[in-house]
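Laboratory data are not the source of any read-out in this text; all were calculated from the coordinates shown. Quantities reported herein were computed from a predicted structural model and do not represent experimental measurements. Positions of Cβ are generated from backbone atoms using ideal geometry, with glycine treated the same way; all protein chains shown enter the neighbour counts.
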Amino acid sequence: MSPVRLLISIAVLAGALTACGGDDPSAVTTVAPDDGEGTTSSSAPDDALQPDITNDGDDVADDGETVRVHYAGTLDDGEEFDSSAGGDPLQFTVGVGMMIPGFDTAVEGMTVGESKTVTIAAAEAYGERVEDAIVEFPIADVPEEFRVEGIQVDLGNGLPATVVEVTDDIVRVDTNHPLAGEALTFAITLVEIVA
C-alpha cells in the first residue's frame, strides 16, 4: 500500500469514527453532556487572560456571531494543554461547529469583557476514547517512516493519529484525538464580537 493510500485509508476510518454561564465573571461552570445544566462556584480568573476591555453591557455573544476570546485550557491534573496568552485572541463563529460543543456553549451568552472558567465533560469536548479507533495495518503495507511508536501521523484531513505499536507483523495506529476521554477546563475571556 502506498503512503498516500495508507493516509487516505486512515483518514476515511477516522472520519467514520468521528461521525459515530451566568453573570458572575468568575463563575466556574461544569458542562455536562446529558442535561446541559451546569453547576457554578467561585474561582478567580487567570490574570494573563484579562485584556483591557471596555464593556458597555450590550455586547452579548449569540449563535452565528463571530467572536474573539482569550483562553487557557487545562486538564484535571492542572496541566495546561493550550493557551492564547501572549498571542492573538482566538476568533471563531459561535454555534457553527468550529469549536468543541462545550466551548461553544460556554461562550454563548457571554458579554464583552466577561471572564469565566468552565469544565467541559469529555462527551462535550473530544468525545470518549473508542478502542475501535485503534486500527492495525500489515507492516508490509506501512512505509518505513511510519513504523515509529509515538509519532503523529498526518491524516490529511486535520484529524490526528498516533502510531502506538510496531511489531514484526503490524503497525497499530490510534485515531482517537489525543484529548479524547479527558474533561477539559477553560478559563475564557470574551474580548470582542466582530462586526
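Things to note:
- For GluC sites (Glu not before Pro), the sites in region 93-195 that DSSP calls loop and that have at most 14 other Cβ atoms within 10 Å are E128, E149.
- At an R0 of 35 angstrom, the distance between the Cβ atoms of V164 and E80 translates into a FRET efficiency of 0.90.
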